[in-house]
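Remarks on the structure that follows.
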Amino acid sequence: MEHLKTVPDFRGRVQSYPVWSLLAIVALAYLCAAPRGQKDLAKFARQMNHGQRRALGIRRNRQGKYPAPSQPTFCRLLKAVEARQVEAAILAFQHQVRGPAPKGEMVAIDGKAAKRSGGEMLLNAVTVPSLYYLGSEPGTAGTPTDSHATGNR
């Protein structure tokens, strides 16, 4: 979680939910294979107990409880947080846990385009077979990049 604390908060004043706490909930939902839409994230957070939310940095409210973030809170987070800073925190965490990327493995690049994205897509690179995440880059459909291209490192 320490790496998520390096992501700057986009808000002027933090009340109950520091950005790193919200990102930690998103990461836990991902690791638990839970759905990750805004409503799903709010439901996932509600299912945590007060001790879990406290451990994730959620601040106590006036009633002495650690409230679960709502769907609009996750909506604001996902719209405003700087994606490159989140990615840098994820890469730093991965390096701490797994060490450096394996040398000599193939690199697989996969692209995903959201519905109604106008052809914009996100390309992700991982090593094969270890699945070490190398990073992401935005792209557009129809560019020379093949969605399942591989190459040697």
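From the list Arg59, Arg53, Arg13, Arg36, the one residue that fits, being without any contact (Cβ under 8 Å) to a residue 60 or more places away in the chain, in contact with a Pro (Cβ under 9 Å, 6 or more places away or on another chain) and part of a loop (DSSP other than H, G, I, E, B), is Arg59. Can Val26 be described as outside the structural domain of Pro129 (by TED's automatic domain parsing), of a type in the set (A, V, I, L, M, F, W, C), under 30 Å from Thr127 (Cβ atoms) and without any contact (Cβ under 8 Å) to a residue 60 or more places away in the chain? Criteria met by Val26. Of all residue pairs spaced 6 or more apart or on separate chains, those with beta-carbon atoms under 9 Å, a first member in segment 124-153 that is on the phi > 0 side of the Ramachandran plot and a second member that is outside any loop (DSSP other than H, G, I, E, B) and modelled with pLDDT of 55 or more are Leu131/Ala108; Gly135/Glu87; Gly135/Leu91; Gly135/Asn124; Gly135/Ala125. Return the only residue of Lys115, Lys103 being at pLDDT 85 or above, out of contact with any helix residue (DSSP H, G or I) (no Cβ under 6 Å at 6 or more places or on another chain) and of a type in the set (Lys, Arg). Of Lys115, Lys103, the one residue that is at pLDDT 85 or above, out of contact with any helix residue (DSSP H, G or I) (no Cβ under 6 Å at 6 or more places or on another chain) and of a type in the set (Lys, Arg) is Lys103.
Listed conditions (1) free of Cβ contacts under 8 Å to residues at least 60 places away in the same chain; (2) surrounded by 15 or more Cβ atoms within 10 Å (Cβ to Cβ); (3) on the phi < 0 side of the Ramachandran plot are all met by Ala89, apart from (1). Looking only at residues of segment 62-81 that are polar (S, T, N, Q) and in contact (Cβ under 8 Å) with a residue 12 or more places away in the chain, we find that the one that is nearest to Arg13 (Cα to Cα) is Thr73.
The values are calculated or read from the model by the stated rules, or taken from the named source; none is laboratory data. The model shown is predicted, which means the values in this text are computed figures rather than measured ones. Positions of Cβ are generated from backbone atoms using ideal geometry, with glycine treated the same way; all protein chains shown enter the neighbour counts.
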